[in-house]
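Undergrad: Sending over a structure as structure tokens; questions will come in a sec.
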Amino acid sequence: MLMLDRIYIFGEEILRKKLKPVDKITDCEKAIFDEMLAIMYKANGLGLAANQVGIDKLMCVIDVGGRVFKLANPKITKKSGRDIMEEGCLSLPDIVIKVERAKELTCRALNENNETIEFEADGLLCRAIQHEIDHLNGKLIIDYAPFWKKLVLHKRL
Ligand code: ZN
């Protein structure tokens, strides 16, 4: 039990960090995945990145419509199309920002069984993957906001 106990909020340094790759999925990583999912469900989120719970590893979890993904070192290997949609983030409570992202993508990652997988995604899953990979690179949805909106939001945060 790691007892990850909270979601890190905008302003905390680890959210801006580039995280470390995972060499191998061990019991430790499996436990992190499970605790991340538990925290995500409690917060009613559909995705969560490791730095959002204070962990410096390239790991994220996603649950879109009951399809659960536990991904380490996720990478987008192909993407196409464009789509603009409002997004929220558990690390930026009560804020929604329009973000333009690819409409379809192919993602390669290490799964919880230590296998390299590659899969295609569209719709909400496609968006969630891009959102979580942004987190793993230290990027947040506020970075997509126009300048004036950033000023307003920074005051609020
Ligand atoms: Zn987020």
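Undergrad: Convert each backbone phi in region 54-67 into a coupling constant with the Karplus relation 6.51 cos²θ - 1.76 cosθ + 1.60 (shift: θ = phi - 60°), then list the ³J(HN,Hα) values in order as whole Hz, x for Gly and Pro.
TA: Rounded to whole hertz, the list is x, 9, 8, 9, 6, 9, 8, 10, 9, 9, 10, x, x, 8.
Undergrad: Output the pairs from LYS103/LYS139; LYS20/LYS149; LYS75/LYS98; LYS24/LYS79 with a Cα-Cα distance over 28 Å in this structure; if there are none, say none.
TA: The pairs that break the limit, which is 28 Å between Cα atoms, are LYS20/LYS149.
Undergrad: I would also like to ask the following. Shape verdict for region 1-79, please, from the Cα gyration tensor: rounded (a/c under 1.5), prolate (a/b greater than b/c) or oblate. Before the final figure, lay out each step's value.
TA: Details: a/c = 1.16, a/b = 1.05, b/c = 1.11.
Verdict is rounded for region 1-79.
Undergrad: Sticking with this one: Say the dipole of the chain comes from +1 at the beta carbon of Lys and Arg and -1 at that of Asp and Glu; which of ILE55, MET36, GLY81 then lies farthest toward its positive end?
TA: GLY81
Undergrad: Got a sec to turn the phi values of region 32-48 into Karplus ³J(HN,Hα) couplings, 6.51 cos²θ - 1.76 cosθ + 1.60 with θ = phi - 60°, whole Hz, x for Gly and Pro?
TA: 4, 3, 5, 6, 4, 4, 4, 5, 4, 5, 4, 8, 6, x, 10, x, 8
Undergrad: Leaving out same-chain residues fewer than 8 places away, which aspartates and glutamates sit with a Cα under 14 Å from that of LYS30?
TA: GLU112, GLU115
Undergrad: Which residues' amide hydrogens lie under 5 Å from the amide hydrogen of LEU58, considering only partners 5 or more residues apart or on another chain, with H built in the peptide plane?
TA: Distant-sequence amide H within range of LEU58: LYS20, VAL22, ASN73.
Undergrad: Sorted by accessible area (1.4 Å probe), largest first, how do LEU151, LEU136, LEU4 line up?
TA: Solvent-accessible surface, decreasing: LEU151, LEU4, LEU136.
Undergrad: Relative contact order of the chain, please, whole-number percent, based on alpha carbon pairs below 8 angstrom and at least 6 residues apart. Can you show the working numbers first?
TA: Values: 283 pairs, mean separation 37.8, N = 157.
Normalised by residue count, the contact order of the chain is 24 percent.
Undergrad: Dipole magnitude of region 41-137 about its Cα centre, charges +1 at Lys/Arg Cβ and -1 at Asp/Glu Cβ only, in debye to the nearest 20?
TA: On the way: 13 positive and 15 negative charges, 27 e Å.
So the magnitude is around 120 debye.
Undergrad: Enumerate the amide H contacts of LYS98 below 5 Å, restricted to partners 5 or more residues apart or on another chain; note that Pro and chain-start residues carry no placed amide H.
TA: It is GLU87, by chain and number.
The values are calculated or read from the model by the stated rules, or taken from the named source; none is laboratory data. Note that the structure is predicted; figures quoted are calculated from it, not measured. Positions of Cβ are backbone-derived with ideal geometry, glycine not excepted, and every protein chain shown enters the neighbour counts. Surface accessibility is based on the protein's heavy atoms, side chains included, excluding ligands, DNA and RNA. Shrake-Rupley method; radii C 1.70, N 1.55, O 1.52, S 1.80 Å.
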